[in-house]
Every structure is written in structure tokens, then in C-alpha cells.
Number of protein chains: 2
Amino acid sequence: MTGAKLQLTALPDIPMIEPGDDLAGVLIDGLRRADIVPRDRDVLVIAQKVVSKAEGRYVPLAGIVPSTRAQQLAAEVGKDARMVELILSESTEVVRYRPGVLVVEHRLGFVMANAGIDQSNITHPDGQERALLLPRNPDASCAQLKARLDDAFGVDLGVVINDSFGRPWRNGVVGVALGAAGLPSLVNLIGQPDLYGRDMRVTEIALADEIAAAASLLMGQTDAGRPAIHLRGLAWQAPACSASALLRPRQIDMFR
Amino acid sequence: MTGAKLQLTALPDIPMIEPGDDLAGVLIDGLRRADIVPRDRDVLVIAQKVVSKAEGRYVPLAGIVPSTRAQQLAAEVGKDARMVELILSESTEVVRYRPGVLVVEHRLGFVMANAGIDQSNITHPDGQERALLLPRNPDASCAQLKARLDDAFGVDLGVVINDSFGRPWRNGVVGVALGAAGLPSLVNLIGQPDLYGRDMRVTEIALADEIAAAASLLMGQTDAGRPAIHLRGLAWQAPACSASALLRPRQIDMFR
């Protein structure tokens, strides 16, 4: 089990990230600036936006020609038709919509608003409008970052990419794991007895999502200067599995 | 904004809680044992189970006579009909069900499995089966605990009661706030510009839920010895509001 303390530290002075930047190098420098000597099972949580930026996932809105379907949907939800075109092109299914809200299944399997495409906190170097897509493969991005970080420090780290998702039934967004490497994103407790020898009724914990939410507390929303959080104190017995394990298959989901 | 570090500490050696126990006193002792001198805006997160136990929310199953509706539903979901009767009596609506799963709206407004009623980790002193209901009013429980703790230490604390909820679309449970006092459960960012002067598109953060999830990382599920977590390092400008602010009104929810 996890120890009795958890410490989360925002890496200081992370610079603005541009396409092609060496994000692993930026994180390594950030850890050193924070005087953190990483240990096995420390976890680094990185905001989706900086990963997307480093991977050059910008799309200029000017070049987008909305389909008829995107134009119709844009009128119904009250969004820019080019944005809706982009959202649809990133999605496999429109799950729900109404004025102001467009919930889709992203091609990676996330059920989320606007396919995770963001127009806020995005630079406009020439006044050009552009949007930022999710990383192409967040689990693979985590694995690549982990390989670089593990190598730099000679340790076995966990890496999580987080984003903020709205939810049914509850107001407000919470941090959620888009990708993970080096830790069990989903912990299966099946067969573990509780204190009184009964089988546990809660059988799976979304560990990577709880890590993502904890890191969000430090990241904030308006402060893009804190996109990387170091977490120390977790322990786990379960084998590592990627964040894709957190996606419930559509066939067994009751809320589509 | 929140500082650059968060520290979470599990209060050591919290004893098994029984109905009528002075939970605030137990927490005060636990903080002292941990050598924690509480400060303004420290947050204490307490697991639902111990609050329910202290409030005597046990119900013996033997005395429950299931209605015809409970019997029919129990057969469909494959649960004990007395448990289903209890779940229905705590609920205002059955939201979804299928074998093994019964999602309801609890009378307090939470959409959750089994109305939050738990049969695991519950003592059976005479071999009698019993279930544990949610606290009668978790926000009020938080306010009462906060008053006692604030008074004992001369500070202004946040208090959260958490539980683990399943979610649509994603596997595994995450910590969620059932009740809160002394902190903004929901933080409204409307009108705050981002780094480039655009209005924020994400306008509300479920702060108390992120706190609840972070604390869950330390509590674990099988280890009932860690039901209270102290959190230091958060800051907020928003006014305090209870966890009921996290409940989305049914009329504007798209997933009922």
C-alpha cells in the first residue's frame, strides 16, 4: 500500500512550450531546478496542453471548410462551424449536444466535451486563430517521456498526462488521465478481503484518474506556468497498465 | 492561487469508530499524534464510512421486509432483496440497472451505485448482517466537524467527507466529495482571462472532488486504518460553498 504521506510539487519556471520543443528535456531541467532527485515510483503529471504543443498539434482554423453536418450542428450548439468540423473529425460519435455543449467520443475512446480541443490559452503569433488537438497517442507519449526521464535519473518513474473533464450529474471539471506509463492506471482489488474477510465490493480503483485530479489541484486552470507536477509517496503492487484501461467498452456502458 | 506544494498526511492510528463516538475528538487526537499544528486553509478529508459509523447509520438487514418492487428489482440485478429495499428507501429515482449494477439518485441528490450503502468493511458483532447508510446530511456533518476542529486549534479549516464513486464511460472508482465546509467546493472562473486575455472556456472546477480524489490515494480501499487525511498547501479566493453545489440539477443534466 501507499505510504502515509504524499507530496506534490509543481516544477518551477517551466517555459512556454512550442512545437518541436524537447519536453522531456524541459521536465528534466524542471526537476533539477526544484532540487528533486527522482526515486522509483515517483510520478510526473504533465498537462495535456504542453504535450500537445510540444507535439505540434495546432490546427489553423482558417483552412477548415465545415461540412453541411458541421454547419448544422454548429448552429444547434452555438459554436464556430470550423471548430465543430474539427471536433467531428477527431471523433467517432456525437454522444449528446445542446446549446453550448457538444459531448463526443474522441477517436481515442474518451467521452468528453469538444473532443478535448481547446481554444483558450493558445498563442496567436500572427493574430491567427488556431486550435490545439489532443496528443496523437497519450499513452505512447507517456511511455516516451518515461523512457527519457528514467534514463536521465536511473529510476523507474510513473508518468501521467492529465486533462480536465466535465461529468454527468456533477458540476465542474476534474482532472482525468489521458495517458499513463509505469503505473497501474486501474487497480484491481478483486479477491482482496476487507478487514472482516468479506470480499471487496469495490473492485477497481481508477488510480491514474485520482493522480490526475490531485495534480490538477496544483496546476490550476488559468496559470499555464504550472503544467508539470511531481508526486512522491505512492506505492502499488498491481502491474503497470496504460490509461486506455480506464476506458469502459461501449457495449457495457449504460450511459451512451 | 494555490502554492507550489501540496502535502497530504494520513492521520496515524485512528481507532475503529463505533456509533456515538466523538469523531471530532478522534480527529483532534489524530492531528496531535501526527504532530500537525493545523493552519488556516488546511483541509481535513474524512472517509464516509467513519462518519456514517460515528453517526450510527447502521441498519440491521434482518428487520427489513422487501416490497414487491424491491423483490422484482433484486431478481433483475442479482442482489439481496432486503438490500434493494434499503437502497430504494434511500433513493428518489432508479437511474439505471442491470445484473450486478443498480444506479440510483440518492435522496441527497448523488447519482451513485446502491445509494452508497455498503456491506463491506462493516463489523458483524453478533454475526448479524447489517448495512451502513450515508451520513444523514454530509454538508452539515462537515460544518459540525469544522466548528469543533476550528475551535480546538484556533484556525479556519476546510473539511471534506469523501466516498468512492463509479462513473459513466470510465472504469474504476474515484474519490468524490459527499460533503464539505470551509472551502469552495465549486470554483467559478467565469470572467477570468487566460494568459492571452481570452475568456476561460472551462468555467467551473470541482475543487472538493479533486481534494476527495487526492485523499483517496492515501486512504486506499482495503485499509480502513486510514480514514482521515490532512492536506496542506491549497489556497483559494472563491467564497466557501458546500458540496451540494457540485450536484447538477436534473433538468439540465443530459445523462438521466
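The values are calculated or read from the model by the stated rules, or taken from the named source; none is laboratory data. Predicted, not measured: the structure shown is a model, and the values here were computed from it. Cβ atoms come from the backbone with ideal geometry, glycine included; neighbour counts cover every protein chain shown. The area values use the complete protein model at the heavy-atom level, side chains included, leaving out ligands, DNA and RNA. Shrake-Rupley method; radii C 1.70, N 1.55, O 1.52, S 1.80 Å.
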Discussion item. I need the full set of residues from segment B:47-70 which are farther than 30 Å from residue B:18 by Cα and free of Cβ contacts under 8 Å to residues at least 12 places away in the same chain, in order please.
Written reply: B:68
Fill in: Options A:224, A:214; residue that is assigned to a loop (DSSP other than H, G, I, E, B), facing chain B (nearest Cβ under 7 Å) and either modelled with pLDDT of 95 or more or touching an Asp or Glu at 6+ places or on another chain (Cβ under 8 Å) (or both)
A:224
Discussion item. If residue B:108 meets every condition in (1) away from chain A (no Cβ under 12 Å); (2) assigned to a helix (DSSP H, G or I); (3) open to solvent by 20 Å² or more (accessible area, probe 1.4 Å); (4) under 24 Å from residue B:211 (Cβ atoms) apart from one, which number is that one?
Written reply: (2)
Discussion item. If I filter segment A:138-153 for residues that are assigned to a loop (DSSP other than H, G, I, E, B) and either open to solvent by 20 Å² or more (accessible area, probe 1.4 Å) or under 19 Å from residue A:64 (Cα atoms) (or both), do I get at least one hit?
Written reply: no
Item to complete: Consider only pairs whose beta carbons are under 8 Å apart and that are at least six residues apart or on different chains; among these, list those whose first residue lies in segment B:244-256 and is facing chain A (nearest Cβ under 9 Å) and whose second residue is among the polar types (S, T, N, Q).
Response: B:245/A:171; B:245/B:185; B:246/A:171; B:246/B:185; B:247/A:171; B:248/A:171
Worksheet item: Can you tell me which of A:79, A:146 is more than 17 Å from residue A:49 (Cα to Cα) and at pLDDT below 95?
Response: A:79
Response to the item:
By my count, strands (runs of 3 or more DSSP E) wholly in segment B:1-105 with at least 3 residues that are of a type in the set (A, V, I, L, M) and buried (at least 20 other Cβ atoms within 10 Å of the Cβ) are B:5-10, B:43-47
